[in-house]
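A quick write-up on the structure given underneath.
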Amino acid sequence: MLSFDEMLQRGDWKSLPHCPGRYILAGGLSALTMAELLGCELTVREYRTPNAPDNVLICELRDGGIISFVKDRQRYIHTLCNAEGFDRKLRQLGIRPLLPETVLLF
């Protein structure tokens, strides 16, 4: 399983202001899919929640995870979180603890 630190080193991640432990992929809106971002097979879960206007893709990593928001026309906002940031954001979204809704294997 990939770790938070491995993903942090793989990409150009920028710290999110006022969100300790959370980073956004530089450039904001991205055409990269979760599979392309991860570069390997991991379990990705898709959620619909009233706490977010977009569908949310979740991939757990060792020591954190990736939360991606699906925008129009298959574009994404990818965020990388350490363990604390991941847990906090999932709770804000109302999808913690992780329970599978739709499981996508990439």
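Each value in this text was obtained by applying a stated rule to the coordinates, not by laboratory testing. As the structure is a prediction and not an experimental result, all values here were calculated from the model. Reconstructed Cβ throughout: ideal geometry from the backbone, glycine too, with neighbour counts over all protein chains shown.
Which value, in debye to the nearest 20, gives the size of the charge dipole of the chain about its Cα centre, when Lys and Arg are +1 and Asp and Glu are -1 at the Cβ?
340 debye
Show that you can apply the helix-only estimate: for the chain, add -39,500 (n - 2.57) for every DSSP H stretch of four or more residues, divide by all residues, and state [θ] at 222 nm to the nearest 500.
After summing the helix terms and dividing by residue count, I get -5500 deg cm²/dmol.
Compute the separation of the alpha-carbon centres of segment 57-99 and segment 40-54 and state it in Å as a whole number.
Using only Cα atoms to place each centre, the spacing works out to 7 Å.
Give me the extension gain from Ala35 to Arg48: residue separation times 0.36 nm, minus the current Cα-Cα distance, reported in nm with one decimal.
That works out to 2.7 nm of additional length.
Explain nothing, just the number: relative contact order of segment 4-105, from Cα pairs under 8 Å at least 6 residues apart, as a whole percent.
30 percent
Given H placed on each backbone N at 1.01 Å, which residues far from Leu29 in sequence or on other chains put an amide H within less than 5 Å of it?
none
Would you please state the base-10 log of I(q)/I(0) at q = 0.22, 0.23 1/Å for the chain, with intensities from the Debye formula using one equal scatterer on every alpha carbon?
Here the Debye-derived log intensity ratios amount to -1.33, -1.49.
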